[in-house]
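What follows is a short report on a single structure.
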Amino acid sequence: MSEGKSFPELVTGGAGYIVSHAVLALVDAGWPVAVIDNLSTGFRFAVPAGVAFYAGDIADEALLARIFAE
Ligand SMILES: NC(=O)c1ccc[n+]([C@@H]2O[C@H](COP(=O)([O-])OP(=O)(O)OC[C@H]3O[C@@H](n4cnc5c(N)ncnc54)[C@H](O)[C@@H]3O)[C@@H](O)[C@H]2O)c1
C-alpha cells in the first residue's frame, strides 16, 4: 500500500482519540506519517513514537509552508 511513497501523509488532528487510531493503522500498514495537532483537545502522548509531530493549528499557513518544505 505504501510502495513508492517518499514523503509522509500529513494527518490533521492526529493527537485526538479517533484519529490517533487512524495514525496507528497507517503506521502498521507501513505508511510514513506526520501529524499536525494544536492539542486543543488532543494529547501529545497519543501520537506514536517515531511519527513526526507538529504542534500547531491547521490554519497556520506559515507552519504548513514549513512542514511542506521539509
Ligand atoms: N471512549 C470513547 O468512546 C471516546 C473517547 C474520546 C472521544 N470520544 C468521542 O469521539 C469523537 C471524536 O473524538 P476525537 O478525540 O477523535 O476528536 P476531537 O475533535 O477531540 O479531536 C480532534 C483533534 O484535532 C485537534 N484539533 C482541533 N482543532 C484543530 C486545529 N484547528 N488545528 C490542529 N488541530 C486541531 C484536537 O487537538 C484533537 O487532537 C468525539 O465525539 C468524542 O467525544 C469517544
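Give the residues of the stretch 56-70 that are surrounded by fewer than 15 Cβ atoms within 10 Å (Cβ to Cβ) and assigned to a helix (DSSP H, G or I), sorted by residue number.
Listed by number, the residues that qualify are Glu61, Ala62, Ala65, Arg66, Phe68, Ala69.
List the number of the failed condition for Val35; all other conditions in (1) touching a residue at least 24 places away in the same chain (Cβ under 8 Å); (2) within 15 Å of the ligand (Cβ to nearest atom); (3) surrounded by fewer than 16 Cβ atoms within 10 Å (Cβ to Cβ) hold.
Going through (1) touching a residue at least 24 places away in the same chain (Cβ under 8 Å); (2) within 15 Å of the ligand (Cβ to nearest atom); (3) surrounded by fewer than 16 Cβ atoms within 10 Å (Cβ to Cβ) one by one, Val35 breaks only (3).
Give the residues of the stretch 17-46 that are among the acidic types (Asp, Glu) and closer than 22 Å to Asp60 by Cβ, sorted by residue number. Give the derivation first.
To start, the set of residues in the stretch 17-46 that are among the acidic types (Asp, Glu) comprises 28, 37.
The answer is Asp37, and nothing else.
Working only within the stretch 29-55, note down all residues that are at pLDDT below 95 and part of a helix (DSSP H, G or I).
none
Among the residues of the stretch 13-32, write down those that are surrounded by 19 or more Cβ atoms within 10 Å (Cβ to Cβ) and touching a Lys or Arg at 6+ places or on another chain (Cβ under 7 Å).
Result: Ala15, single match.
The values are calculated or read from the model by the stated rules, or taken from the named source; none is laboratory data. Because the structure is a prediction, the values reported are computed rather than measured. Every residue, glycine among them, receives a Cβ derived from its backbone with ideal geometry; neighbour counts consider all protein chains shown.
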